[in-house]
Amino acid sequence: MRVPFLLATAALASAQASADVTVYGKANVSLQHADEAGNREIELQSNSSRIGLMGQESLSDSVAILYRFEYETSVDDGDKDGQTLTQRNIYLGLQTAGGTLMGGVFDSPLKTAAAGVDLFNDLEGDIRNIFAGENRPKNIVQYVTPKSLGPVTAKVAYITKEADGIDGVSASAAYKLDDLYLAVAMDQDVEDNADNTDTYRLVGAYTLGAVQLGGAYEKYEREIGNGDGYFASLKWSLTDQWILKTQYGQSDIKVDGRESFSLGGDYIFSKTAKAFAYYTTNQDDAVRDDDYLGVGLELKF
């Protein structure tokens, strides 16, 4: 389908004429050896590569309209779910001294609460393998507290399912001061086709010199049974260019006995470019035993 591609291209071209619009993106590609339940292959992966534009229109000294249009594209083969581009975070919002109100399609407060702690986000070691709640709901309206609250940021979102189920709620409260980050978040009936579900998440991170320690605990409640899980991560900046990182998680939320372990490293070329390598193993008590070994390159602009 070429319509989204043409619309996005026209929007990006016209954005160059406005000083208040930022065109941005990320190309992330890895070549990996995948061993999935005994099936082995070499594959080129596009890891949530994207392009978008964002900006604001000031209405007064304290009021502005905010917007973002972000699309994912597959750098490996150009096909993302049968299209050239698919929608990611897209919203329109109003920012005032009392906070920001926004509506559209974007990551829920529960998902964003752990964004800086998941060190293998968008790769095979992403916490979505063991946790519920990694959602980007449609028809979401969200309020975010103003920066005047200092180290505390709260988000409350309402997700209307319209005629397709029970409406959902997602909320989070985060504390960020210097090297300490703490957050608590919850979802209620947010996932598609999953009414009467509750998700609770605790997140923490602390940076001590060159080392960042992080972790999260999640409890998932539903009519057919409950589950919980945790993960811990460590990032060690050996130099300004070399970073080592590892992550381990375990949960019964998606599958009984699910475990995920990842080990990797980054080589930083600049603020926008890096090379990386990783090894990930995902296992559970059923039949899955998957291993991935890969190298990749990322460029942000």
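Every residue in the range 132-154 that is among the hydrophobic types (A, V, I, L, M, F, W, C) and either more than 23 Å from Gln87 (Cβ to Cβ) or over 13 Å from the mean Cα position of the chain (by Cα) (or both), please. Matches in the range 132-154: Ile140, Val141, Val144, Leu149, Val152, Ala154. Residue count for the range 202-234 under the criterion of being modelled with pLDDT of 95 or more, basic (Lys, Arg) and outside any strand (DSSP E or B): the result is 0.
Taking the range 235-258 as the region of interest, how many residues are under 19 Å from Ile127 (Cα atoms) and assigned to a loop (DSSP other than H, G, I, E, B)? Steps first, answer last, please.
Keep residues of the range 235-258 that are under 19 Å from Ile127 (Cα atoms), which gives 235, 244-258.
Those still in the list that are assigned to a loop (DSSP other than H, G, I, E, B) too: 252-257.
Residues that pass the stated criteria total 6.
For Tyr206, are the conditions met, namely being of a type in the set (Phe, Trp, Tyr) and surrounded by fewer than 20 Cβ atoms within 10 Å (Cβ to Cβ)?
Working: of a type in the set (Phe, Trp, Tyr): yes; surrounded by fewer than 20 Cβ atoms within 10 Å (Cβ to Cβ): yes.
Criteria met by Tyr206.
Given the condition out of contact with any strand residue (DSSP E or B) (no Cβ under 8 Å at 6 or more places or on another chain) and more than 19 Å from Val117 (Cα to Cα), answer yes or no: does some residue in the range 198-219 qualify? So far as the range 198-219 goes, no, none of its residues is out of contact with any strand residue (DSSP E or B) (no Cβ under 8 Å at 6 or more places or on another chain) and more than 19 Å from Val117 (Cα to Cα). The single condition among (1) part of a loop (DSSP other than H, G, I, E, B); (2) at pLDDT 95 or above; (3) touching a helix residue (DSSP H, G or I) at 6+ places or on another chain (Cβ under 9 Å); (4) not aliphatic (A, V, I, L, M) that Gly133 does not meet is (2). Residues that are over 19 Å from the mean Cα position of the chain (by Cα), among the small types (Gly, Ala, Ser) and closer than 14 Å to Ala132 by Cβ do occur in the range 225-235, at least one of them.
Which is out of contact with any helix residue (DSSP H, G or I) (no Cβ under 6 Å at 6 or more places or on another chain), among the charged types (D, E, K, R) and in contact (Cβ under 8 Å) with a residue 24 or more places away in the chain, of Lys138, Lys155, Lys147? If you could, list the steps in order and put the result at the bottom.
Details: Lys155 fails: out of contact with any helix residue (DSSP H, G or I) (no Cβ under 6 Å at 6 or more places or on another chain); Lys147 fails: in contact (Cβ under 8 Å) with a residue 24 or more places away in the chain.
Answer to the check: Lys138.
Given the condition among the polar types (S, T, N, Q), assigned to a loop (DSSP other than H, G, I, E, B) and more than 23 Å from Ser46 (Cβ to Cβ), answer yes or no: does some residue in the range 110-127 qualify? Lay out the reasoning, then the answer.
Quick first cut of the range 110-127, residues among the polar types (S, T, N, Q) only: 112, 121.
Keeping just the survivors that are assigned to a loop (DSSP other than H, G, I, E, B) gives 121.
Then keep just the ones that are more than 23 Å from Ser46 (Cβ to Cβ); that gives none.
No, every residue in the range 110-127 fails to be among the polar types (S, T, N, Q), assigned to a loop (DSSP other than H, G, I, E, B) and more than 23 Å from Ser46 (Cβ to Cβ).
Across the range 282-293, the qualifying residues are those that are surrounded by 15 or more Cβ atoms within 10 Å (Cβ to Cβ) and touching a Gly at 6+ places or on another chain (Cβ under 9 Å), and the one among them that is nearest to Ala232 (Cα to Cα) is Asn282.
Please find, within the range 106-124, the residue that is farthest from Ala174 (Cα to Cα) out of those that are among the small types (Gly, Ala, Ser) and at pLDDT 95 or above.
Quick first cut of the range 106-124, residues among the small types (Gly, Ala, Ser) only: 108, 113-116.
When the remaining residues are screened for being at pLDDT 95 or above, the result is 108, 113.
Working: Ser108: 14, Ala113: 7 Å.
Among those residues, the one meeting the criterion is Ser108.
Looking only at residues in the range 247-258 that are surrounded by fewer than 19 Cβ atoms within 10 Å (Cβ to Cβ) and at pLDDT 95 or above, the one that is nearest to Val190 (Cα to Cα) is Gln250.
Restricting to the range 262-277, count the residues that are part of a strand (DSSP E or B), without any contact (Cβ under 8 Å) to a residue 60 or more places away in the chain and either within 30 Å of Thr197 (Cα to Cα) or hydroxyl-bearing (Ser, Thr, Tyr) (or both). Outline the logic, then answer.
In the first step, residues of the range 262-277 are kept if they are part of a strand (DSSP E or B); the result is 262-268, 273-277.
Okay, now just the ones that are also without any contact (Cβ under 8 Å) to a residue 60 or more places away in the chain, so 263, 265-268, 273-275, 277.
Imposing the further condition that a residue be either within 30 Å of Thr197 (Cα to Cα) or hydroxyl-bearing (Ser, Thr, Tyr) (or both) reduces the set to 267.
Of the residues in that region, 1 qualify.
Taking the conditions exactly as written (surrounded by fewer than 16 Cβ atoms within 10 Å (Cβ to Cβ) and of a type in the set (Val, Ile, Thr)), does Val211 satisfy them or not? For Val211, the condition - surrounded by fewer than 16 Cβ atoms within 10 Å (Cβ to Cβ) and of a type in the set (Val, Ile, Thr) - is met.
The values are calculated or read from the model by the stated rules, or taken from the named source; none is laboratory data. Here the structure is a predicted model, which means the values were calculated and not measured. For neighbour counting, all protein chains shown are included, and Cβ atoms are generated from backbone atoms with ideal geometry for every residue, glycine included.
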